[in-house]
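Working notes, structure below.
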Amino acid sequence: MSTLDKIDRRLLAELQAEGRVTNVDLARRVGLTAPPCLRRVRSLEEDGVIRGYHADLDASKLGFAITVFAMVSLRSQAEEDLKAFEDHIAELDEVRECHMLNGEIDFILKIVSRDLQSFQEFLTSRLTPAPNVASVKTSLTIRTAKHKPGVPLET
């Protein structure tokens with residue numbers, strides 16, 4: 001991947017803020033004409049800097065009233081055991097994020113659920129019995145003070 005210049009960073013900032021912007025409008029915002037703008041965006045996609053585009057959905061309006069963070073400790077941190085756990089988690093739609101950590105906790109998961117009863121069922125039937133799980137500690141989200149996907153970009 002080549003080094004990002006000022007225009008690339010402006011393109012990324014604009015797309016991160018509004019992924020549905022048209023190429024013509026995007027080009028105008030960053031001071032390019034449409035063809036070179038499109039070439040730059042495609043290059044950023046091909047280089048993997050832009051991984052995709054998605055809609056930011058309101059979970060509660062879609063019936064997912066609770067968000068839980070689960071701290072998972074495994075019995076073994078051997079690579080094959082980590083992979084088995086990650087493969088299992090990849091199949092669980094309720095798990096929206098999975099991050100491996102260093103320290104006492106091996107993974108932190110962000111989980112959405114319709115209600116506490118649904119979460120309890122998920123926890124006892126699908127998460128706790130997952131491969132190599134030693135313990136799971138959960139924290140229910142009370143409210144979200146900040147939700148800002150993406151990364152900070154200096155333009």
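The values are calculated or read from the model by the stated rules, or taken from the named source; none is laboratory data. Bear in mind that the values here come from a model prediction, so they are computed numbers and not experimental data. Cβ: placed from backbone, ideal geometry, glycine included. Neighbour counts: every protein chain shown. Surface areas here come from the heavy atoms of the whole protein model, side chains and all, with no ligands, DNA or RNA. Shrake-Rupley method; radii C 1.70, N 1.55, O 1.52, S 1.80 Å.
Couple of notes before you dig in:
Residues checked against (1) more than 27 Å from GLY19 (Cα to Cα); (2) among the small types (Gly, Ala, Ser); (3) touching a His at 6+ places or on another chain (Cβ under 7 Å):
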| position | (1), (2), (3) |
| --- | --- |
| SER43 | no, yes, no |
| ILE50 | no, no, no |
| ILE66 | no, no, no |
| VAL72 | yes, no, no |
| HIS88 | yes, no, no |
| VAL133 | yes, no, no |
| LYS137 | yes, no, no |
| GLU154 | no, no, no |
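- The set of residues in the stretch 1-28 being closer than 20 Å to GLY52 by Cβ, assigned to a loop (DSSP other than H, G, I, E, B), of a type outside the set (Gly, Ala, Ser) and open to solvent by less than 70 Å² (accessible area, probe 1.4 Å) consists of LEU4, VAL21.
- Taking the stretch 118-142 as the range and being polar (S, T, N, Q), in a loop (DSSP other than H, G, I, E, B) and open to solvent by 60 Å² or more (accessible area, probe 1.4 Å) as the test, only THR128 passes.
- Scan the stretch 96-117 for residues that are closer than 24 Å to LEU57 by Cβ, under 22 Å from the mean Cα position of the chain (by Cα) and either free of Cβ contacts under 8 Å to residues at least 24 places away in the same chain or part of a helix (DSSP H, G or I) (or both) and the total you get is 4.
- The sole residue among ASP56, ASP93, ASP47, ASP87 that is in contact with a Pro (Cβ under 9 Å, 6 or more places away or on another chain) and at pLDDT 95 or above is ASP87.
- The lone exception for LYS146 - which of (1) open to solvent by 80 Å² or more (accessible area, probe 1.4 Å); (2) more than 30 Å from ASP5 (Cβ to Cβ) it fails: (2)
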